[in-house]
Structures are given as C-alpha cells and as structure tokens.
Amino acid sequence: MSKSNLMNSYKRYPVTFVKGEGIYLYDENNEKYIDFVSGVAVNALGHCSPVIKKAIQEQSEKVMHISNYYYSNEAIDLSELLCKDSDFDSVFFTNSGTESIEGAMKICRKYGNSQNTNKNKIISMKNSFHGRSLGALSITGREVYKTPFYPMIPGVIEAEFNNIESLENAFNDDVCGVFIEPVQGEGGINAATPEFLKKARELCDKHNALLVFDEIQCGAGRIGTYFCKDTFDVLPDVVCMAKGLGGGFPIGAIVTTGTASNVITYGNHGTTYGGNPLACAVSKAVTSTIKNAEFLNDVKEKGNYLKEKLSQLQDKFDFITKVKGLGLLVGIEVSITPSLITNEAFKNKLLIITAGENVIRFLPPLNVTKEEIDLFIERFTEVLKNVQLNLNK
Ligand SMILES: Cc1ncc(COP(=O)(O)O)c(C=O)c1O
C-alpha cells in the first residue's frame, strides 16, 4: 500500500492504527499503544466510546444531513444543552476549531463596522494558536505557522499574554474584538491569570469590544469546568469550541451571549455541513456525559493525580524542570529536546506530543481512570530512564 498520495503536511510516525478502545490504539500487527494524545484533545471519552457508537448508530438510522435551511431536533437539543445553566444564549455550529475562529472574527468585525468604519482592529496574544486558515493564522501569535503565507489580514494587534500593561497599550476605540485562549495549548500549556482575563473583560467593556475565548483545546470539560470561563470566573461574549465537543466526530461551535448573539443576521454567515443532525446527535451524547458536576470534579481530581505523579518524576529526572496545566490539560517543561522523549515514548508504545518549544503535553481522555494513569506513569518512567541512559552515553 503506497502512502505517497497523502500530502506531506505532517511528519507522521511510522505506524498505521486500525482500531481503538478507551485509552488504547492498535496497529496493523495488533500491537497496543497507550494513547495520551487523544487525537489532540479530541477523544474526550476515549476511542470508540459506547456512548458515541450508540449515538452514531441510532442517528444514522434517522437522518444524517439536512440543510441549515431547515430545523433539526438534534441541533436544537444540542444548542439548548450548551446554553443551559451557562450564561450563553445562542449557538452557531461549525465543523472545526478554525471555522469557529473564522466565524467569531466575522462577528467581531461586523460588531465593530456597525459602530464606525475604523472599528475593525482585533487584539490577539503572542504565543497563541487559533488555526491554519488565513484569518485564524492572522491572529495566531507564533511566526512559525505564518511565515510562508504572508500577507496576513490587516488590523491585528498583538499583546503579550498575561501582561496587563501590554494589553492596555494595545487597546483603543478602534478595537472590535480580543481573542484569548484561557489556557494556551499549542503554545506550551500556559494558563491565563484570572487578573489578566478580568482586565481583558474590563477593557472590552470600556472600549465597546467583544471578548472572545478560544476554548477549542481547553474547553468542553478538559480543565475540569465545562466552559473555561467558570474556572476563571470571567464571562466572554463569544466562546469558540471544537475538539472535545464531538469526542471524535467533527463538530465545532460559536457560543455567544448578549449583544454578540444578535450580530449575525440572515445571509451574513453560513455552512453546508455545520450542525448536521449526525454531528449534533453525537455531540449531544458526549456533552450530556461531560457537562455533569460529578464527571467534571473527577476530571479535576484525576488531573491533580497525574500532576502529582509527574512531580514525583521531576524529583527523579533533572531534565524535567516544571509540571504545569489545569485538569487533564497537563504538561511538563523539559531542558532537553522534547522529541528525544516523544520518540523514545513512541518506541515504547506510548503516544504523547510536544507543545511550544520545550513542553511535553499529556491529553488523556477525560474518562481515563486512576489505574490507567498509574499504568501510563509506569511506562513513562521506563521511557525517561531510557532517555537518561541515552543522554549519559
Ligand atoms: C486553541 C486552538 N484553536 C484553534 C485550533 C484549530 O482547530 P482545528 O484544527 O479543529 O481547526 C486548535 C487546534 O489545535 C487549537 O488548539
């Protein structure tokens, strides 16, 4: 079988996975891997979750796709579920994180343009990641993703993440929106301080701009609250979602409150697939499981457990310099090339990925058990011992 027809957009590991169950992936030779990548924070309920299989099966026998020119009960139900007890009142469904970002950028632009012709600037954060389309790249704060694709869209001002003075300096009345990841994922698992997010809210109110949280990686229960705003106690006008929202089935959402909910009107925005009944039925099953106080408390507890175990490893291995993260969005900073660890992990059938320049990221499914975390730590310890041996050679 030739793999050469797949475009060279990823440096893939030499493995083809054919089956998954819970935290495990199986290759063509039935070799079993522990997966702490979860499709990059997507498989929130693990691989081939019974909840998801049931939803797909049942909905596929009813109706899978209609057009957004008509209502479906599944889209209505999911929008209600997302808004319930949440402070949000309106939802636009998309198919991916990038599309959620693009839609949110359009909401900000229209919001600004309807006030005056200069109000079209967007503030975004250094070190952020928002996706690969030209709009999303334009507000992404890492040059490595942008360099081959200039020019970016105009009107984007970068501020330093977690630096209140820098945010204040970036602001004026021409700003229509501010995009922040409450916890930067690709940038290296960096949590915003509550003070920074509160100041962003305050400045948006003062300058009549919309505050947008990119919760594509850190939302949908990943840090132990369904929406990140509940961890930080700051209400944005718009939240961008995807990844864990569908647990493996592609779906994203733009969730809004107050005036932000009334910006988009007939003909302003659209999507063919976004919010189709199959995606919404799966997401409803996933969301009902996750948006539950007990489940979310468990995520926090297991996240603390994982961090505690990683801190014990920090005591043993000098090259681990920091353990960080919230809930089950966890990372370790290392003083060696991170791929030395991820490649050794792969050899030991352990899947983990890097983030930023010097961080290893751990993204188990949200329903991972403590026993499975123990198993992971046991194998990861062996990996680190091998890395240490290789370093000493
Ligand atoms: C914070 C954040 N925003 C946006 C995106 C883009 O999402 P997608 O790849 O679904 O388009 C990602 C993907 O990694 C992300 O982590």
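Looking at THR98, THR94, THR140, which is the one that is among the β-branched types (Val, Ile, Thr), buried (at least 17 other Cβ atoms within 10 Å of the Cβ), within 11 Å of the ligand (Cβ to nearest atom) and farther than 26 Å from TYR266 by Cα?
THR140
Applying the selection to the range 101-137, what residues are within 16 Å of the ligand (Cβ to nearest atom), open to solvent by 30 Å² or more (accessible area, probe 1.4 Å) and either over 25 Å from SER72 (Cβ atoms) or not acidic (Asp, Glu) (or both)?
LYS106, LYS126, ASN127, PHE129, ARG132, SER133, LEU134
Would you pick out the residues in the range 135-161 that are part of a helix (DSSP H, G or I) and among the aromatic types (Phe, Trp, Tyr)?
Residues satisfying the conditions are TYR145, PHE149.
Kindly indicate the residue of the range 185-220 that is of a type in the set (Gly, Ala, Ser) and surrounded by 24 or more Cβ atoms within 10 Å (Cβ to Cβ) and also farthest from the ligand (Cβ to nearest atom) among those meeting that condition.
ALA209
Just the residues that are polar (S, T, N, Q) and either over 15 Å from ILE223 (Cβ atoms) or assigned to a loop (DSSP other than H, G, I, E, B) (or both), please, taken from the range 186-206.
Once the filter is applied, which keeps residues that are polar (S, T, N, Q) and either over 15 Å from ILE223 (Cβ atoms) or assigned to a loop (DSSP other than H, G, I, E, B) (or both), the range 186-206 yields only THR193.
Can you pull out the strands (runs of 3 or more DSSP E) entirely within the range 237-331 that have at least 1 residues that are open to solvent by 10 Å² or more (accessible area, probe 1.4 Å)?
320-326
Would it be correct to say that ARG361 is under 25 Å from PRO14 (Cβ atoms) and either assigned to a loop (DSSP other than H, G, I, E, B) or open to solvent by less than 50 Å² (accessible area, probe 1.4 Å) (or both)?
Yes, satisfied.
The values are calculated or read from the model by the stated rules, or taken from the named source; none is laboratory data. These numbers were taken from a predicted model, which means no experiment stands behind them. Quick reminder, even Gly has a Cβ in these numbers, built from the backbone with ideal geometry, and neighbours come from all protein chains shown. Ligands, DNA and RNA are excluded from the accessible area calculation, which covers all protein heavy atoms including side chains. Shrake-Rupley method; radii C 1.70, N 1.55, O 1.52, S 1.80 Å.
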